[in-house]
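A.B. asks: Okay, here's the structure, questions in a sec.
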Amino acid sequence: MTEHRFATVAVVGRPNVGKSTLLNALVGFSLSIVAPKPQTTRHRLLGVLTRDDVQFAFLDTPGIHRAQSRALNKMLNRTAFSALEEADIVLWLLDVMRRTDDDEMVAARLKGRKVPVVIALNKADKIADKSKLLPMIAALQQAYAPDAIVPISALKNSGTEQLIKVLAGLAPLGDAQFDAEEITDRSERFLAAERVREQLILQLHDELPYATNVEIERWEQEGNLVKIGAVIWVERDAQKAIVIGAGGAQLKAIGTRARKVLEKLLDARVHLETWVRVRENWSDDERALKRMGIDQA
């Protein structure tokens, strides 16, 4: 009989390096929201991958970063660091194209850890001549001494099977902790709030996505229809005006796009209502962050 393995894998790295894209590729489901902007991920998000002889509980984490001027930034780092304490394996994502001071902050945090560390070298598809990867890998091995380095492309889902094979070889013996059909422990309400926030980030561009948060205030299901009421929190009246837009056009566009995504996610018809409310300085108020659930690992 084949021995079964189970591992909790903390997916860590600097902001905007591709952690959420990688999680989605590994579990085969659009679980974590993705946007081309740093600090999109605010929560530790569990994604489960089950194979015949191994099960992984991947923990997508906020990007680890040096700038910690506000309570939100400090809380994001604490959330990422807490995942490291639970991990059987650390999966550290690095960008093949560039390295930053935030990467070195991650390296310092991982130094001396007792669990295996695997580096996933993301965007390897950007290197046309694959022989050029060899000196990069050698330099990373020399600098950080990981247990393995695997070139991948999270966006193109390339190299992920080899990555899974490497992680399986490092996973300790253990029974599966989740049913085979489970992919996360998060509720549909949580996933819905994240999908609305994703559209805020995508539609508001650089204006104020980091000053917004979303809470689900109402959830009713009638057959194949789900009625959702979502509150969008901002910090100032001027920001509220931007989110709503002229004649409500911006808020309507955000709601329409979010509804379409939610219908696919929930496999149901969705009626989505959104409201914009002001809670001053919420991103620098730990009590407000806790009320919003952002501090929950």
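The values are calculated or read from the model by the stated rules, or taken from the named source; none is laboratory data. For clarity, every value in this text was computed on a predicted model and none was experimentally measured. As a convention, Cβ positions derive from the backbone with ideal geometry for all residues, glycine included, and neighbour counts pool all protein chains shown.
A.B. asks: When you go through LEU163, LEU140 one by one, which is the residue that is under 22 Å from the mean Cα position of the chain (by Cα), at pLDDT 90 or above and under 18 Å from LYS19 (Cβ atoms)?
C.D. replies: Working: LEU140 fails: under 22 Å from the mean Cα position of the chain (by Cα).
Exactly one residue qualifies, and that residue is LEU163.
A.B. asks: Right, here's the next one. Counting only residues that are under 18 Å from GLU220 (Cα atoms) and assigned to a helix (DSSP H, G or I), which one in the stretch 262-293 is farthest from the chain's Cα centre (by Cα)? Talk me through it step by step, then tell me what you get.
C.D. replies: Filtering the stretch 262-293 down to residues under 18 Å from GLU220 (Cα atoms) leaves 262-275.
Add one more test, that the residue is assigned to a helix (DSSP H, G or I), and what stays is 262-266.
Working: LEU262: 18, GLU263: 21, LYS264: 19, LEU265: 17, LEU266: 19 Å.
Once the filter is applied, the top-ranked residue is GLU263.
A.B. asks: Looking at ALA108, is it surrounded by fewer than 11 Cβ atoms within 10 Å (Cβ to Cβ), in a loop (DSSP other than H, G, I, E, B), without any contact (Cβ under 8 Å) to a residue 24 or more places away in the chain and assigned by TED's automatic domain parsing to the domain that holds ARG51?
C.D. replies: no
A.B. asks: Can I ask one more? Please go through (1) modelled with pLDDT of 95 or more; (2) surrounded by fewer than 21 Cβ atoms within 10 Å (Cβ to Cβ); (3) not β-branched (Val, Ile, Thr) for ALA57 and return the number of the only condition it doesn't satisfy.
C.D. replies: If we test ALA57 against (1) modelled with pLDDT of 95 or more; (2) surrounded by fewer than 21 Cβ atoms within 10 Å (Cβ to Cβ); (3) not β-branched (Val, Ile, Thr), just (2) comes out false.
A.B. asks: Given GLU198, GLU207, which one is at pLDDT below 90 and either polar (S, T, N, Q) or not in a strand (DSSP E or B) (or both)?
C.D. replies: So the residue among GLU198, GLU207 that is at pLDDT below 90 and either polar (S, T, N, Q) or not in a strand (DSSP E or B) (or both) is GLU207.
A.B. asks: Then there is this: How about the stretch 12-54: which of its residues are modelled with pLDDT of 85 or more, crowded, with 23+ Cβ neighbours inside 10 Å and of a type in the set (S, T, N, Q)?
C.D. replies: SER20, SER32
A.B. asks: Continuing with the same structure: Provide a single number: the residues in the stretch 12-42 that are within 8 Å of the chain's Cα centre (by Cα), assigned to a loop (DSSP other than H, G, I, E, B) and closer than 17 Å to LEU91 by Cα.
C.D. replies: Residues in the stretch 12-42 being within 8 Å of the chain's Cα centre (by Cα), assigned to a loop (DSSP other than H, G, I, E, B) and closer than 17 Å to LEU91 by Cα: 2 in total.
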